[in-house]
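The values are calculated or read from the model by the stated rules, or taken from the named source; none is laboratory data. Note that this is a predicted model, so its numbers are computed, not measured. Positions of Cβ are backbone-derived with ideal geometry, glycine not excepted, and every protein chain shown enters the neighbour counts. Ligands, DNA and RNA are stripped out before the accessible areas are found, and what is left, the full protein with its side chains, is counted by its heavy atoms. Shrake-Rupley method; radii C 1.70, N 1.55, O 1.52, S 1.80 Å.
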Amino acid sequence: MPHAVTILPDDAPGPRASDGTGQRGAGPAPAREPAAGSDFAPLLRVVRGQGLLERRPGWYAARVAVNLLGLGAVSAGVLLLGDSWWTLTLALPLAVLWARTAFLAHDAGHSQISGNRTVNRALGLVHGNLLLGMNEAWWNDKHVRHHAHPNHVDKDPDVGVGALVWTQGQAARRVGFARWVTRNQARLFFPMLLLEGIALKVSGFRYLRRQPVRDRVLSASLMTAHLVFWGALFLAAMPVGKAVVFALLLHALFGLHLGAAFAPNHKGMEMPDPDGDRWGHLRRQVLTSRNVRGAVLTDWFLGGLNYQIEHHLFPSMPRPHLRLAQPLVRAHCAAVGVPYTETGLVESYRQGLAHLHETGAPLR
């Protein structure tokens, strides 16, 4: 997961992007005031004046502790149940706890937890590399570019050509099996998320060769320790066959949960024209993002990412403050005439899948 994903454009406050390795130029920097004529400047002044950019280390410390206790309890449960098919039922709570771990690593990467870059870096390494086996440097490189240019087909890696495509222009260039996948990508989306948990690990290990030697050794050591610990735990409790089934089920559920949390955020929203006018920070982040309505359960399930608009406008804002900033952001968008999109969870999935279906339409 990231450790310094607090990139903001020229008219926004806060730290700049890292150099792409996830190892240098990271962490908080003195905030800069946006341009005086910026649509974002008045909103920033109100949000800052209400203290919503101040860190909440106590809030995060409690959640880190509860999450670690949960991981320990489920691990003990795996050992206690041992060689029983009932042990497989613990893959679900463990996958949920892994997703909580990912959300904490994400917040550490945005410097939401602490104003100290060393603390955020350590939290990112522990929660990302060690507990999840994901390379936070890889995620940082990818996520920095996403936050700087959300939904920009040439600059946002999240809408680049991969297993899925996001524009009909991308779809037209697909051939062979990839063409069949694109033609059916809307109905394949959630099944494909079952592979995401493993794909995240593979991508992290592949990224190692791009890291400086010292960082490569640290990242690889922590990710290897992750594999050794969980592998030893599963093998100590179960025969090899059941251990493999448990691990596959765990990663499938984890990938599905994490993908379901990220899917509503931008899919089916505005995609800036690469040859069009350059949007300012407010429009770039609001028009490309979608919020999800809900209460405490939605906040928990989506890890605060249901406040995607507020998160993109203020990447370093602590998670518990996002819901407090929402009415301020909504009112400001109404005042300056910028559409503010918010839907229910099911509707957000419907819109995202509709976009995927439309993208593959020329191939059907």
Using a 1.4 Å probe, what is the accessible area per residue for the chain, in Å²? 43 Å²
Compute the projected area of the convex hull of the Cα atoms of the chain, averaged over all viewing directions, and report it in nm² to one decimal place. 18.5 nm²
Helical contribution to [θ] at 222 nm, DSSP H n ≥ 4, -39,500 (n - 2.57), averaged over the chain, rounded to 500: -18000 deg cm²/dmol
Considering the chain as a Gaussian network with a 10 Å cut-off on Cα pairs, which listed residue, LYS142, LYS267, LYS242, attains the greatest mean-square fluctuation? LYS242
Spatial extent of the stretch 55-101: Rg and Dmax, with the Cα atoms as the point set, Å: 12.9, 45
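Could you work out the per residue convex hull volume over the alpha carbons of the stretch 229-297, in cubic angstrom? Mind showing how you got there, number by number?
Working: hull volume 12.1 nm³, N = 69.
Cα-based convex hull of the stretch 229-297, divided per residue, equals 175 Å³.
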If you roll a 1.4 angstrom probe over the protein chains with everything in place, what fraction of the accessible area of the chain belongs to carbon and sulfur, to the nearest %? 64 percent
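Assign unit charges at the C-beta atoms only (+1 for Lys and Arg, -1 for Asp and Glu), then state the dipole size of the stretch 192-299 relative to its Cα centre in Debye, rounded to the nearest 20.
Details: 13 positive and 7 negative charges, 62 e Å.
I would put it at about 300 debye.
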If the reach is capped at under 14 angstrom between alpha carbons, list the aspartates and glutamates near LYS201, excluding any in the same chain fewer than eight residues apart. GLU136
Which residue fluctuates the most in the chain, going by a Gaussian network model with Cα springs under 10 Å, if the choices are GLY204, GLY133, GLY160? GLY160
Which of the DSSP-defined H helices in the chain satisfy a minimum axial length of 27 Å, computed from C-alpha atoms, and a minimum mean Kyte-Doolittle hydropathy of -1.0? 57-81, 213-237, 240-262
Calculated Rg and Dmax of the stretch 96-227 using C-alpha coordinates, Å: 16.4, 49
Using the alpha carbon gyration tensor of the stretch 205-364, what are the three equivalent-ellipsoid semi-axes (square root of 5 times each eigenvalue), largest first, in whole Å? 36, 20, 19
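What is the percent of Cα-Cα separations in the stretch 156-222 that go past 21 Å? Let's see the in-between values first.
Numbers: 928 of 2211 pairs.
Every Cα pair in the stretch 156-222 considered, those over 21 Å come to 42 percent.
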To make sure I understand the rule: partners must be lysines, Cα under 19 Å from the Cα of LYS155, and not fewer than 8 residues away in the same chain. Which ones qualify? LYS142, LYS267
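Return the Rg/Rh value of the stretch 298-364, two decimal places, where both radii are evaluated on C-alpha atoms and Rh is the Kirkwood radius.
Numbers: Rg = 14.8 Å, Rh = 13.7 Å.
Across the stretch 298-364, the Cα-based Rg/Rh ratio is 1.08.
Go through 252-261, 208-217, 327-336 and give me the packing order, highest mean Cβ count within 10 Å leading.
The packing order, highest mean first, is 252-261, 327-336, 208-217.
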